[in-house]
Amino acid sequence: MSIPRFIDIEYCQTDDALFPTAIAWSLADGRMKTVVIAPDESWLPTDMELPDVDLHYLEEQGVPLIELARVLHEDLPDETVFTDGLDPDDVLVDLIFSSVNLEAPFELAPVTDLITGLDRDTIEDRRRDLMFEQGLDPQLPENGVYALLLLARDEGLIGME
């Protein structure tokens, strides 16, 4: 049984800016990858400070967009990748790949397309409960992916070893 792939993107959003700051995704074997994203200059407003974002940290520690795009092409080619459906994931993925003039190698779909036996509100309640039970910080994208993996396991979509 193939393990569904999941992605979660943390981002900065103000009146003048929307851009990804970190991303996590799962692999076919259930492992996860997570990276901090070095922002493209065109994403940043020129005349204001961004709340809750350490631009120096992102620029120093972040993965360059071309490298991120390459790894996502290697890890998720021709896949359907599921999101929690709460964030502007389509826009954020488009920002990443358009910045390096590439097409995303995967299709995004909300987790409701995978877990069809539960409605959106129930799925979100269960995901939030799992994060609380596991002591997961919802601001970390790897925790969002982990919660979706746990939810898929609980719904019988991932076999137990």
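The values are calculated or read from the model by the stated rules, or taken from the named source; none is laboratory data. Only a predicted model underlies this, so the values are computations on that prediction, with no experimental measurement involved. Here the Cβ is made from the backbone with ideal geometry for all residues, glycine too, and neighbour counts use every protein chain on show. What goes into the accessible areas is simple: the full protein's heavy atoms, side chains included, and nothing from ligands, DNA or RNA. Shrake-Rupley method; radii C 1.70, N 1.55, O 1.52, S 1.80 Å.
The table for this structure:
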| read-out | value |
| --- | --- |
| Taking N as its residue count, the alpha carbon Rg of the chain over 2.2 N^0.38 Å | 1.05 |
| Cα-centred dipole magnitude for the chain, charges only on beta-carbon of K, R (+1) and D, E (-1), debye, nearest 20 | 600 debye |
| DSSP beta bridge pairing in the chain, given as percent antiparallel to the nearest 5 | 65 percent |
| Loop-resident sites, segment 1-88, for GluC sites (Glu not before Pro), counting at most 12 other Cβ within 10 Å (DSSP) | 49 |
| Segment 59-129 shape via C-alpha gyration tensor axes, a/c threshold 1.5 | prolate |
| Mean Cα-pair separation over length for segment 1-133, i.e. relative contact order, pairs under 8 Å, 6 or more apart, % | 21 percent |
| Heavy-atom accessible area order for 26, 99, largest first, 1.4 Å probe | 99, 26 |
| Stretchable slack from residue 73 to residue 46, in nm (0.36 nm times residue separation minus alpha-carbon distance) | 6.6 nm |
